[in-house]
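Okay, structure first, notes after.
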Amino acid sequence: MAAKKALEKAIKKRGKKLIISSVYRSITSQYLRYKYFKQGQCGLPLTSIPRKSTHQTGLAIDIEDYKGWQPYLESEGWKWFGAFDSDHFDFFRSGVSDISKLPIKSFQQLWNLNNPEDKLLENGVFDSKTEKRLNQALADGFPKGEKCSIECGFIFQ
Ligand SMILES: [Zn+2]
């Protein structure tokens, strides 16, 4: 919430539309992005390895016109990453929540629900075992059916 408010203040100060090209990425999103980057697919620029990207915290943005926005964003707590990744800014302030563990824990729980014979620790840590299972997970998701609807409490169509 603090990051959002700081972003709103910067936009109000400048009085201009801020164009954001990337914000939050879940572990699966970052994992695929990194995999595609390494394979030279999709024309992706330099991409951090999963668990290292600050986009997974929900406190990072990539924007257009970084030079024009830099003084406005930095005055509100958004720090420019530097020339190495020039359109990237991170938000730093004590007491701000980092949500990067939530989607990892969600994947671990979903994996365990669908693979009770091969359980992962449900701790939100992207360890080598979790990475291996993420690589094995089907892009279309886990099978749907009566068993899942009962255990998950959802009814899938
Ligand atoms: Zn970025």
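The values are calculated or read from the model by the stated rules, or taken from the named source; none is laboratory data. Everything numeric in this text was worked out from a predicted model, so none of it was measured. Glycine gets a Cβ as well: all are built from the backbone with ideal geometry, and neighbour counts include every protein chain shown.
Here is a yes/no grid of residues against (1) more than 14 Å from the ligand (Cβ to nearest atom); (2) in contact (Cβ under 8 Å) with a residue 40 or more places away in the chain:
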{"site": "1", "(1), (2)": "yes, no"}
{"site": "13", "(1), (2)": "yes, yes"}
{"site": "17", "(1), (2)": "yes, no"}
{"site": "25", "(1), (2)": "no, no"}
{"site": "35", "(1), (2)": "yes, no"}
{"site": "49", "(1), (2)": "no, no"}
{"site": "56", "(1), (2)": "no, yes"}
{"site": "66", "(1), (2)": "no, no"}
{"site": "69", "(1), (2)": "no, yes"}
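Could you tell me whether residue 110 is among the aliphatic types (A, V, I, L, M), outside any loop (DSSP other than H, G, I, E, B) and assigned by TED's automatic domain parsing to the domain that holds residue 137?
yes
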Query raised in the report: For region 28-82, how many residues are over 16 Å from the mean Cα position of the chain (by Cα), in a loop (DSSP other than H, G, I, E, B) and surrounded by 19 or more Cβ atoms within 10 Å (Cβ to Cβ)?
Result: 2
Query raised in the report: Just checking, which of 116, 103 is at pLDDT below 95 and surrounded by 15 or more Cβ atoms within 10 Å (Cβ to Cβ)?
Result: 103
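Table: residues versus (1) among the aromatic types (Phe, Trp, Tyr); (2) within 23 Å of residue 13 (Cβ to Cβ).
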position	(1), (2)
35	no, no
51	no, no
58	no, yes
63	no, yes
71	no, yes
81	yes, yes
86	no, yes
94	no, yes
